[in-house]
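Step one of this worksheet: look at the structure below.
The values are calculated or read from the model by the stated rules, or taken from the named source; none is laboratory data. Given the structure is predicted, the values throughout are model-derived calculations rather than measurements. Here the Cβ is made from the backbone with ideal geometry for all residues, glycine too, and neighbour counts use every protein chain on show.
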């Protein structure tokens, strides 16, 4: 293939290992996968065979020679064959020709790990139902915590069914931390405790001297220290009971608000949640469900790189503070689902510090790294240290000389390092971890926070110590209940095969970036005449976005129609479609993309931001290709960059001619 | 085996088919499972092989002859072998000797269906990522809806990661329905619409004439009719916008409460959620997270059969109404997780009707059938009709003559039939559906309710019609996002192998009931002297609960110690334990079990309810055996009833003698 490494003799260190990590687009590793799966199956079978053999057989050989048995076997066989042929109408995510959503095939390790554990079907809600896989879950959470730079002992995390539940849990916990000092104030009054607490100015003050506004701005760490101080000041059961009775969790918003009114008089406005404008649509579901309300989502503008604008964040915080509006949390994104944009989290952290110092304002800082989290493995050396941008680039081999900024930049590395300063991070192993669904993860910097949401079911002894109950019963601290231990085994085995550093996931994700940049570069260089490919800014990780236009098209609406036409031809959205390459598309809408859309509209020559805004929800259609395929940038495989661009231009011509037809 | 069918020549109709449905305790069906799995794997492999063969190979044979490749294969192989030996420290759920939690092995159909689809890894968040399995998911939801008696066209449902999320979603949606008339009132005022609505008294009245108390008591159906009437009275976009801006979802509780105060003056007390006292502990998590507050959970007493007491429910509703407290929802349970108790839902429905008629009070009625839902298949005939209790009993063959009430009773059948009258039902396929984790399900009687929680992501065109978007994008209507299409395939294939009626799941669950009753009967008859086995009431489905005591033990605390000792010996709670039979235990605590504990304490002769209450959280330890094994009641397999009882008594003796030891 073309234009990737200028020096064709560069071989990435993981090149050969990479060839074994996946089944492969032509199932090249079918023998390996079948061998490992068969091993897992037979191993399980022999476990059953040898479990109390003295019991004899429940299903005897002669039981299998009956019409009833035969009929049932025939049914399941036939229905399976039907299912198998149906499944082939699915999406060939594994193919180098799939360049659509954030989906690819899974690591062989993950597939085999999932399958092996699924035969045992452990339930990670409690160790009693999962003596092995609960441990694996806590182990992979520690691995992920180490990758983002959390102290493995101080932090805590677990797997979830996916990013929505993980993000939901982050905000649920954040709310409990932020409101803890308020509950502590009520509880301390009731128990007659005199407590000191560290305010956002870093100074210690008596808890009861603080005003409502100060209480909701206690930094998260100080809030948890206060909680611990209470535990030391009075018997635990009493403290827990009193805290509970003053908590939002217990009272619910309706009673809580009434109580605050009585206690503090003039109430504060509703608390808000700051999110990067590009944040996933699920944040709207989350604040709705939590009772916070989508009207309390404050969207912080993004810059032209689709990253949360730290200056705009500062202005937003200042403006809210002037209006006395408490801030529950700020959600920064590491790897937007549409563009793979990585917020400059290091600068967001600075804004939070400045807000604390200059405004006396504190909030929970969360990084939604559901998509991009695994890319933090790029900055990790095999020894666990942090690699500089220069070291990473050197390890990736020579890159073409062109206008693209070198990748990664020091700012990118700093953003990944700053994950360690967020209060919580969510990372989906089922995205850039290449694990089968379902596998999300939530990590908390301070393990103590989980106590704030703990619930004791009747089958857990209340007298069992808190320290040990973590291992006994995950369900106590998490939102979900029954959950597949198989997911933990899948993540665990995949982390063993691909360590979370430059040797494994780091090397792998670098290859996807190389591929994405090769595609991006080619789209910028190709002679598409009479069409033009207008590129969006280069990706922070591996999602390439662009818009195709033609001199005939003078309005946003026309450009949208062309790109929708291309999308319809290069997707499975029409029944029976068999596109040669598959892409997807998104829609830039106001006000979310106000900070990023202007240069694109300029380049398209279709009017300005005002016209685009006037288009309402139609917005601007943008074509997208997620490059999760590590082979795209390899010099010696099928040349899917050329193939993709050729098909794109052919389909553009076809879509345009259809637009010209009567009724088209 | 003993004492089950008095007529030994009775062969249940599904007997032979049943032998093929599971891998079996000695992996008797290993060849069948391996054949089907290999079929699925190779079928997938050949799909890849034939997908654009002109692309050539990305991984070439020579790539596999490198030290890097070999090393990576060695790593994954060795780590897998390590995982496999670890997994054997797991729980032998498959064994006839496992009689603990609600866990057993999975149907072969479900295992193979899951595995086959996992190779394709479809994501059921959107049909674009799961053209096949989204359809399968909607199909299995319709099958479950049909089983509970919902109209398959009028209802709607989908799969979730499990029961907690499913129940959460039910209450989330219920809140939106109950508060809809309030939002509609505000929206109608804003848009200048004159609307009529049907109140809880069944009479139509102008929306704007209603007081706050009447607005929160509009029956769910009438609320949705009102929503539809609004859609017809004004342009949809305007209606949606106005409704949204007056909704709790949008405003959040803090602003909402303030607005109600302004609009209606004297506010109502916080809304409450009624739950059967035996409801799962996750309801506490759910109301906490939703911002309702655990203090707003009103526990309705259960009777001596652990079923929600309809008279107590009526009294509770009356008392709340007198205090003007709005009721959001009532949660009834079909198959408690501790006892498998089935609420008399038919009588709960009657209470709701009476409340509407006599008190002008309405609320959302939810059945938490996460455990027991699949047992509704017992009442379904192959033709889809309802079987009477008598017909079901006749089909089960002759039962022993003894003191046990015949099963099922007409009341049990009526309870299952009444599921069709609940507004929502949650059913976990990963419990009595014998599907691998994760598979929960939520069903709504009225499909329109999903519109109240719909969120539009940027990649879904707002102009696409609502009717078609259901099939395009499940994520729009559900709480979760990315989710395994494999789970849908597993449920789908299992429903094909075991239909949701007397031929499949119905027959299968009947066999587990027969086994549970055989165990129950034996525990009641066995000469345990000097011990006594005090049985709790006979199970409504298949969980057997009992307490072992001894003449020496005169207090609850001593009895608890004995039973904890038995549990420790018959569980995997101690590292390295290898018990011959596995049980579990729960703890009856006040006030949840106030209505049920008295006869048990009486029979134990350890004082009264007051002593038990004084024991606080220690409560009463109860041993539990969930019989999900369909073979326990079969006359020709290993006699695990005898084995279980023998081991139980031996361990009781051992536990008692340890108690007598110094320091014991």
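When you scan segment A:485-496, do you find a residue that is modelled with pLDDT of 95 or more and surrounded by fewer than 23 Cβ atoms within 10 Å (Cβ to Cβ), even just one?
Yes, some residue in segment A:485-496 is modelled with pLDDT of 95 or more and surrounded by fewer than 23 Cβ atoms within 10 Å (Cβ to Cβ).
Condition first: away from chain B (no Cβ under 14 Å), part of a helix (DSSP H, G or I) and touching a residue at least 24 places away in the same chain (Cβ under 8 Å). Now tell me which residues in segment A:139-164 satisfy that.
A:141, A:144, A:145, A:146, A:147, listed by residue number.
Give me a count of the residues in segment B:486-537 that are part of a helix (DSSP H, G or I) and within 17 Å of residue B:404 (Cβ to Cβ).
16
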_Subset of segment A:293-305 that is within 14 Å of chain B (Cβ to nearest Cβ) and under 22 Å from the mean Cα position of the chain (by Cα) - its residue that is farthest from residue A:250 (Cα to Cα)_ = A:302
*Can you find a residue in segment B:246-269 that is more than 26 Å from residue B:191 (Cα to Cα), within 19 Å of the chain's Cα centre (by Cα) and not assigned by TED's automatic domain parsing to the domain that holds residue B:190?*
no
*How about segment A:387-398: which of its residues are in contact (Cβ under 8 Å) with a residue 40 or more places away in the chain and in contact with a helix residue (DSSP H, G or I) (Cβ under 8 Å, 6 or more places away or on another chain)?*
A:387, A:392, A:395, A:396
*Considering segment B:310-345 alone, what residues qualify as being in a loop (DSSP other than H, G, I, E, B) and farther than 30 Å from residue B:212 by Cβ?*
B:335, B:336, B:337, B:338, B:339, B:340, B:341, B:343, B:344
*Identify, please: which residue in segment A:93-110 is at pLDDT below 95 and within 7 Å of chain B (Cβ to nearest Cβ) and is, among those, nearest to residue A:37 (Cα to Cα)?*
A:103
*Can you name every residue in segment B:562-595 that is in contact with a helix residue (DSSP H, G or I) (Cβ under 6 Å, 6 or more places away or on another chain) and part of a helix (DSSP H, G or I)?*
B:562, B:565, B:566, B:569
_Of residues in segment A:645-660 being closer than 14 Å to residue A:549 by Cα and over 36 Å from the mean Cα position of the chain (by Cα), the one modelled with the lowest pLDDT_ = A:659
*Mind listing whichever residues of segment A:240-251 are assigned to a helix (DSSP H, G or I), crowded, with 21+ Cβ neighbours inside 10 Å and in contact (Cβ under 8 Å) with a residue 24 or more places away in the chain?*
A:242, A:243, A:248, A:249
_Check on residue A:3, modelled with pLDDT under 95, in contact with a helix residue (DSSP H, G or I) (Cβ under 8 Å, 6 or more places away or on another chain) and at the interface with chain B (Cβ under 7 Å from one of its Cβ atoms)_ = no
*Scanning for something more than 7 Å from chain B (Cβ to nearest Cβ) and closer than 30 Å to residue B:59 by Cα, does segment A:65-76 turn up at least one residue?*
no
_Residue ID - nearest to residue B:571 (Cα to Cα), chosen from residues in segment B:74-93 that are outside any helix (DSSP H, G or I) and out of contact with any helix residue (DSSP H, G or I) (no Cβ under 6 Å at 6 or more places or on another chain)_ = B:91
*asked:* Please go through segment B:302-324 and give me each residue that is touching a helix residue (DSSP H, G or I) at 6+ places or on another chain (Cβ under 9 Å), crowded, with 18+ Cβ neighbours inside 10 Å and farther than 18 Å from residue B:415 by Cα, ordered by number.
replied: B:317, B:321
*Residues being outside any loop (DSSP other than H, G, I, E, B) and either under 16 Å from residue A:90 (Cα atoms) or more than 7 Å from chain A (Cβ to nearest Cβ) (or both) - total across segment B:40-60*: 12
*Could you tell me whether residue B:654 is touching a residue at least 12 places away in the same chain (Cβ under 8 Å) and either closer than 29 Å to residue B:299 by Cβ or within 14 Å of chain A (Cβ to nearest Cβ) (or both)?*
no
*Could you list, in sequence order, all residues of segment A:284-294 that are within 17 Å of residue B:477 (Cβ to Cβ), touching a strand residue (DSSP E or B) at 6+ places or on another chain (Cβ under 9 Å) and in contact (Cβ under 8 Å) with a residue 40 or more places away in the chain?*
A:286
